[in-house]
Amino acid sequence: MKYQEILHWLFSQLPMYQREGAAAYKSDLNNIKLLSAYLKNPHIKFKSVHVAGTNGKGSTSHMMASVLQEAGYKVGLYTSPHLKDFRERIKVNGEMIEQQFVVDFVSENKTFFETNKLSFFEMTVGMAFLYFAVKKVDIAIIEVGLGGRLDATNIITPLLSIITNIGKDHTQFLGETLPEIALEKGGVIKEGVPIVIGEYHPDTEEVFETLSRKRNAPLYKAYEFDLMPMKSDLTGNYQELNIRTVQTAFSVLQGKEFHVGIQHIAKGLCAVVKNTGLLGRWQTLQQSPKIICDTAHNKEGLSFVMDQLTREKFNKIHIVLGVVSDKDLNTILPLFPTYANYYFCKPAVPRGMDVHILQKAAQDHLLTGESYLSVHDALEAAKESAGTKDLIFIGGSTFVVAEVV
């Protein structure tokens, strides 16, 4: 099979949460344990850091990788979902996994995958862990896909676990309340493994304190550390919280045989895009008119992004907006400015919400605009309408941003 045939099989033959939703969610770790044993347990052949959280786990993972690269380490990075290229999910020192490795991995193991009905995510995690083992990375940064306790990545025993924050997202899987969601994400807390909590919330602090105590896991609360202010090339205001989490994480890693100085942290934080290729985080696509996109897609993430958006200077603002079908519109639409011109669209994935449903719900929140058949059409319409001193924002879903970066 050729590379494009392999990708088609991966995407279309098996359910994938990022595209289809609930059909791809697994309720235990049996399949990934079975696959890992079949691959001779590659996950025990490299050291790792495990990163969970509702928002910021992708940015935090990329920051961690960038800093470690600046310190001279060979760093694996596993993240999801991808924006443009499947291989974005699996990188070593910022370089994507080779197409041939993907082809060989699937071709050689396809019968096993089909026999055991493995999900897209389980296969991809297995591929990443094997790749990092083959490449002999010094350390791998592993981002959780969904939740924590039952996530396929949760077979690792890392040097350090990180939970960036807790918000209400994927409640159909993780629970309706913040303590319930914290309990699921807290599943990444392992016996004796230090845990860094990025942000404080009164409803979740006790959950993490209890879990860490039961598992003898040293608990570090980044929000209680008095740290030197640092900047990053990831310029969203919300990155200040992720920067603090990363600084705290490296203060813990220093005692784990990884020598990372303040100069490596400072340089790595300012070279995240160059070192890792991260896209879609408060990313400016052009000037005049200024076009910004961001992958924030839930209440907590969009609250930060909308706040920063209102601080920009512009004559008029145009918002290209699309979401996925399981999004609770009543929690996110009130965050958007009523004075903006809206261009509603549906991201090109099966999970995308029908544009007319989105438009009707938006009107109920006094957000008005036209609907378009595609993200491309919506953006083109916004460009045609916008003056040189206007601002165009593109967001609402990772998959909307994926079509414009």
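Computed values, structure above
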item: Condition check for Asp138: more than 21 Å from Tyr220 (Cβ to Cβ), surrounded by fewer than 24 Cβ atoms within 10 Å (Cβ to Cβ) and not aliphatic (A, V, I, L, M); result: yes
item: Residue that is nearest to Thr295 (Cα to Cα), among those in the stretch 205-251 that are touching a Ser or Thr at 6+ places or on another chain (Cβ under 7 Å) and not in a loop (DSSP other than H, G, I, E, B); result: Gln239
item: Qualifying position, being modelled with pLDDT of 95 or more and either of a type in the set (Val, Ile, Thr) or within 21 Å of the chain's Cα centre (by Cα) (or both), among Thr284, Thr310; result: Thr284
item: Residue tally, condition buried (at least 21 other Cβ atoms within 10 Å of the Cβ) and not hydrophobic (A, V, I, L, M, F, W, C), over the stretch 373-397; result: 3
item: Meets criteria (over 18 Å from Leu302 (Cα atoms), in contact with a helix residue (DSSP H, G or I) (Cβ under 6 Å, 6 or more places away or on another chain) and open to solvent by less than 70 Å² (accessible area, probe 1.4 Å)) for Tyr343; result: no
item: Verdict on Lys214 being touching a strand residue (DSSP E or B) at 6+ places or on another chain (Cβ under 8 Å), more than 21 Å from Ser251 (Cα to Cα) and open to solvent by 20 Å² or more (accessible area, probe 1.4 Å); result: no
item: Among residues of the stretch 110-124, those that are open to solvent by 20 Å² or more (accessible area, probe 1.4 Å) and within 17 Å of Met1 (Cα to Cα), counted; result: 4
item: Test: residue in the stretch 228-247 that is surrounded by fewer than 19 Cβ atoms within 10 Å (Cβ to Cβ) and among the aliphatic types (A, V, I, L, M); result: yes
item: Where a residue in the stretch 268-286 is on the phi > 0 side of the Ramachandran plot and its partner, wherever it lies, is open to solvent by less than 50 Å² (accessible area, probe 1.4 Å) and among the hydroxyl-bearing types (Ser, Thr, Tyr), with Cβ under 9 Å and at least six apart; result: Gly280/Thr295; Gly280/Thr398; Trp282/Tyr238
item: Any hit, the stretch 189-204, residues being on the phi < 0 side of the Ramachandran plot and part of a helix (DSSP H, G or I); result: no
item: Residue among Val320, Val305, Val349 that is outside any loop (DSSP other than H, G, I, E, B), of a type in the set (Val, Ile, Thr) and closer than 29 Å to Met96 by Cα; result: Val305
item: Looking only at the stretch 275-302, and only at residues there that are assigned to a helix (DSSP H, G or I) and open to solvent by less than 50 Å² (accessible area, probe 1.4 Å), the one that is farthest from Glu403 (Cα to Cα); result: Asn275
item: Criterion (farther than 26 Å from Val272 by Cα and touching a Leu at 6+ places or on another chain (Cβ under 8 Å)) met by exactly one of Phe86, Phe105; result: Phe105
item: Checklist (1) in contact with a strand residue (DSSP E or B) (Cβ under 6 Å, 6 or more places away or on another chain); (2) of a type in the set (Val, Ile, Thr); (3) closer than 18 Å to Ser397 by Cβ applied to Thr284, failing item; result: (3)
item: Per-region count, the stretch 309-329, residues surrounded by fewer than 16 Cβ atoms within 10 Å (Cβ to Cβ) and either β-branched (Val, Ile, Thr) or farther than 15 Å from His297 by Cβ (or both); result: 6
item: In the stretch 330-340, residue surrounded by the most Cβ atoms within 10 Å (Cβ to Cβ) [restricted to those that are among the polar types (S, T, N, Q) and farther than 20 Å from Glu370 by Cβ]; result: Thr331
item: Residues located in the stretch 375-405, provided they are within 12 Å of Lys290 (Cβ to Cβ) and not in a helix (DSSP H, G or I); result: Ala386, Gly387, Thr388, Lys389, Asp390, Leu391, Ile392, Phe393, Ile394
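A quick yes/no check of all residues on (1) outside any helix (DSSP H, G or I); (2) touching a strand residue (DSSP E or B) at 6+ places or on another chain (Cβ under 7 Å); (3) at pLDDT 95 or above:
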| site | (1), (2), (3) |
| --- | --- |
| Ser107 | no, no, yes |
| Glu114 | no, no, no |
| Met127 | no, yes, yes |
| Ala133 | no, no, yes |
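So that you can scan it fast, the table gives a plain yes or no per residue for (1) at pLDDT 95 or above; (2) part of a helix (DSSP H, G or I); (3) over 26 Å from Arg149 (Cβ atoms):
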site	(1), (2), (3)
Leu10	no, yes, no
Arg19	no, yes, no
Asn31	no, yes, no
Ser36	yes, yes, no
His43	yes, yes, no
Gly58	yes, yes, no
Val67	yes, yes, yes
Gly76	yes, no, no
His82	no, no, no
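The values are calculated or read from the model by the stated rules, or taken from the named source; none is laboratory data. In this text, all values refer to a predicted model and were calculated from it rather than measured experimentally. FYI the Cβ positions are ideal-geometry reconstructions off the backbone, even for glycines, and counts take in every protein chain you see. Note: accessible area is taken over every heavy atom of the protein model, side chains too, but ligands, DNA and RNA are not part of it. Shrake-Rupley method; radii C 1.70, N 1.55, O 1.52, S 1.80 Å.
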